[in-house]
Structures are given as structure tokens and as C-alpha cells.
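Have a look at the structure below, then the notes.
The values are calculated or read from the model by the stated rules, or taken from the named source; none is laboratory data. Treat the numbers as computed from the prediction; the structure is a model and nothing was measured. Backbone-built Cβ (ideal geometry, glycine too); neighbour counts: all protein chains shown.
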Amino acid sequence: MSNALAIAAVSRTLRNLLLTQVPALDSELSDLEVTLQPPDLARKGVTKAQLNLFLYQVAYNAAWRNLDLPRQVRPGESALPPLALNLHYLLTAYGRGESDNDALSHRALAAAMSVLYDHALLGASEIHNALAGNDLDAQIERVRLTPQTLNVEELSKLWTAFQANYRVSTAYEAAVVLIDSRNAARAPLPVLRRGADDRGVFATASAAPGLDALTLPHAQAAVRLGEDVIVTGRRLAVENALARFSSPRLEAPVEIVPVAGDAAGTLRLHLADSGEDGEALSRWAPGLYTVALRVQRPGLPSLLSNELPLALAPTIALTPLSAGPGDLTLNVSCAPRIRDGQRVFLLFGDRVIAPASLSNPADTHQPTALVFQVPGVAAGTWTVRLRVDGVDSIPVDFGGAVPAFAASQQVKVT
């Protein structure tokens with residue numbers, strides 16, 4: 001690879017090559033001058049025969065851009081690949097003076113193209129001597145010159161951009177130039193043990209379970225603690241299996257032992273409430289989860305299924321349940337407990353209200369306590385919901401013949 005002098009080293013190498021080799025092919029060009037100027041400045045102050053080599057484009061090399069260098073980045077190590085560039089040059093020939101009646105520019109262009117044809121690969125010594133301090137000559141890939149065919153439209157656009165009168169020209173690509181990344185490579189320590197007891201790689205012929213759907217109680221959009229979730233899928237089993245509930249609000253996933261469902265290809269997951277699990281209020285958090293099935297057979301790596309989304313709705317209690325018209329202070333308890341950073345709102349009828357205060361008691365077996373100030377409450381029966389991270393509490397009582405709004409989730413204002 002090479003340092004930041006690489007581009008200049010290529011340009012200087014090509015200039016030196018043309019300056020020394022072209023006069024040897026045509027004695028009429030003994031006073032030839034080779035420049036590296038933009039075309040609009042190339043002819044200023046020059047009246048001799050001239051070749052101008054202008055670097056008009058630098059492009060990324062797609063083949064080398066994401067490729068680690070051989071023998072420099074070993075397996076298991078990581079490093080930025082080199083900056084791989086293709087250099088595009090425009091070679092323009094000029095005769096003596098302002099006119100070129102003797103076609104000297106044609107002779108100069110032909111001799112230059114002949115030299116570059118014979119030097120399709122730039123030599124290491126030529127590059128090394130072209131510019132002090134460059135190390136392009138030591139890169140693993142040699143710099144190759146390739147003629148580029150530009151049609152009339154492309155040439156016209158180039159010379160229009162140069163704001164100069166067109167002169168007889170040809171184009172070349174020099175590739176590839178590899179410039180070192182200055183970021184350090186990362187080399188991990190050697191592996192001392194492969195798995196438990198250095199047993200090496202495990203292979204198993206069985207496939208992981210596949211989850212297709214989650215069925216929630218009463219076809220609701222969310223489930224509450226104390227309710228069951230039915231999992232439908234493929235290769236489902238209860239032996240050595242755990243259902244994993246993951247949420248960014250939890251320090252660790254919650255795992256539940258599944259039981260066989262009533263239908264083939266189903267499992268039932270019961271989310272224990274505080275009456276069944278004393279730590280349920282602090283173990284869970286209302287909001288969004290992903291559910292997966294993990295199978296851990298003795299002595300084998302675990303198999304993890306795909307994940308499906310699940311919403312866990314908060315369960316709330318309200319006080320007071322009746323009040324007079326006007327401003328209302330509403331106390332709400334929420335189970336499971338709300339975690340830091342969760343977005344909480346009260347839906348009072350069609351109004352969305354932020355909490356005036358939110359606190360979690362020191363006793364982790366107690367629910368979160370919230371206080372809401374609801375201004376200007378008119379007479380009527382108002383259904384209340386708590387929204388935590390976009391998941392609403394369920395204000396519906398499914399115990400009757402038809403669903404109805406639960407009286408415990410309503411405030412009567414008279």
C-alpha cells in the first residue's frame with residue numbers, strides 16, 4: 001500500500017515517462033514540454049510543442065474497496081480496507097505557436113500514446129524516483145494504464161467544463177492506487193478453549209421452532225398479567241423449552257415454561273399476576289415485547305425461534321370513581337410497575353393528559369402511583385385508559401353476555 005503522496009506519484013511518473021521517452025521516438029520533439037495543468041491554463045506562457053496530462057477525475061475502485069489486503073489482515077482480525085482509487089487523465093497535445101500547420105501536435109500525441117502503450121504497467125523504480133517520500137512502488141498491486149474511449153458528447157462536456165478551446169486529446173485510466181487507512185487494525189487474542197470443556201463445535205440436525213402467530217384473549221390488541229397467550233407454530237414442544245419475553249425496558253428477558261395448547265401445533269403461555277407470582281409487578285413492565293421460544297436440550301447449544309411482537313397492557317385502579325363537575329384530581333395505580341423513561345398518558349374520554357406526578361413505592365410488591373389533573377370536567381360518565389409506551393389499558397369487562405365498559409374503569413361526574 002502507499003501513503004497520501006500516491007496520486008501525485010502517479011502523475012509525476014507519467015510526466016517523467018513522457019518527457020524522457022517521447023523525444024527519443026521523434027527528434028522533432030526534442031524541445032517537448034510536459035505539463036500537468038488544467039486545459040484552460042496549460043498553454044499560458046508556452047510556445048513549444050507540448051503534452052498536457054490533466055487528472056480530471058478520481059473514482060473509487062469497486063473491486064478493492066471492501067477487500068482486505070492479502071497477508072496483512074489475518075483471519076479473525078478486522079481493519080479498514082485501503083482507500084482504492086482509479087485515476088482518470090486527459091492527455092492533450094499542442095504544436096508550436098498558435099497554429100499547427102505541420103501537424104506537430106499529432107506527432108506528439110502519437111509518440112505519447114506509443115510510449116504509454118509500451119508502459120502499460122508503471123515500473124517500481126520509475127514510481128520510486130518520481131517523488132521523494134512516496135511508497136507507491138511497494139504496494140501489492142501494480143499501477144496499470146488503460147486507454148479510455150470518450151465519445152464526442154463526453155469530450156464536449158469535458159472541454160465545456162474546462163472553458164477552453166478543444167484540442168486533440170485522449171484519455172487514460174491509471175488503476176489501482178491503494179492508500180493506507182490510518183486507523184489501527186484490531187486483532188483479538190487467540191482462542192484458548194472452544195466451548196465448555198473445550199469440546200469444540202456442536203452440530204445438531206434438528207431445526208429451531210418456528211412461531212407463526214400469537215392469539216390474545218378476547219381478540220384484544222394486548223394481553224394483561226393473569227391472562228394466557230396461545231402460540232401457533234411449527235416444531236413446538238414443551239420439553240426443554242422456555243418462552244422468552246424481551247423488552248428494552250427490562251434488564252433481562254422474562255422466561256416462562258410453556259404448556260401444551262388445546263389444539264395440535266399450539267402452546268399456552270400464562271402470564272402470572274401478583275396473586276400467583278409475588279415478583280410479577282417488578283418482573284414485568286407495561287409496553288411492547290418480542291416473544292421467542294428457546295429450546296435447551298442437555299449437552300447441546302440452545303435453539304432460538306423467530307420473534308413475534310406482543311403488547312402487555314397495564315392494569316389500573318382509579319380513585320375517585322365519582323366526583324362533581326369542574327377540576328378533577330385522579331389517582332391511578334398501575335400494574336406492572338412503570339420503568340424509568342417510559343412515556344405515560346391518561347386518556348380521559350377523548351382527552352390526552354400527561355401525569356402531574358409518578359412514583360414507584362420502595363416496596364417493589366406495590367404498583368406505580370400516578371396523579372393526573374383533569375381540568376373542566378363536565379357531567380357524564382367518562383371512560384379512563386392509561387397509555388404506556390403506546391399500549392393502552394383495557395377498559396372492557398368481558399364477564400357478561402356481551403362486552404361492556406367496566407365500571408371500575410369509569411369516572412361518574414354528577
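A quick yes/no check of all residues on (1) touching a residue at least 40 places away in the same chain (Cβ under 8 Å); (2) under 37 Å from the mean Cα position of the chain (by Cα):
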site: P301; (1), (2): yes, yes
site: I316; (1), (2): yes, no
site: R343; (1), (2): yes, yes
site: D363; (1), (2): no, no
Open item on the list: When you scan region 134-157, do you find a residue that is buried (at least 18 other Cβ atoms within 10 Å of the Cβ) and farther than 30 Å from A108 by Cα, even just one?
Closed with: yes
TODO: Just name the residue that is surrounded by the fewest Cβ atoms within 10 Å (Cβ to Cβ) out of those in region 1-41 that are among the hydroxyl-bearing types (S, T, Y) and closer than 21 Å to A175 by Cβ.
DONE: S11
Task: Residue list for region 160-176, restricted to those being touching a residue at least 12 places away in the same chain (Cβ under 8 Å), surrounded by fewer than 18 Cβ atoms within 10 Å (Cβ to Cβ) and part of a helix (DSSP H, G or I) - done: none
- [ ] Scan region 223-254 residue by residue and report those that are closer than 13 Å to G210 by Cα, in contact with a Gly (Cβ under 8 Å, 6 or more places away or on another chain) and in a loop (DSSP other than H, G, I, E, B).
- [x] R235, L236
- [ ] Restricting attention to region 89-109, report how many residues are under 15 Å from T47 (Cβ atoms), at pLDDT 85 or above and of a type in the set (S, T, Y).
- [x] 2
Open item on the list: Just to check your reading of the model, which residue among Q57, Q50 is in contact with a strand residue (DSSP E or B) (Cβ under 9 Å, 6 or more places away or on another chain), surrounded by 21 or more Cβ atoms within 10 Å (Cβ to Cβ) and touching a residue at least 24 places away in the same chain (Cβ under 8 Å)?
Closed with: Q50
- [ ] Could you check how many residues of region 210-236 are farther than 17 Å from Y289 by Cβ, of a type in the set (G, A, S) and more than 34 Å from the chain's Cα centre (by Cα)?
- [x] 1
Task: Whichever residue in region 79-106 is more than 25 Å from L5 (Cα to Cα) and either touching a strand residue (DSSP E or B) at 6+ places or on another chain (Cβ under 8 Å) or not assigned by TED's automatic domain parsing to the domain that holds V58 (or both) and, among such residues, is surrounded by the fewest Cβ atoms within 10 Å (Cβ to Cβ) - done: H106
Open item on the list: For the structure I just gave you, tell me whether P258 is of a type outside the set (A, V, I, L, M), modelled with pLDDT of 95 or more and over 24 Å from T364 (Cα atoms).
Closed with: yes
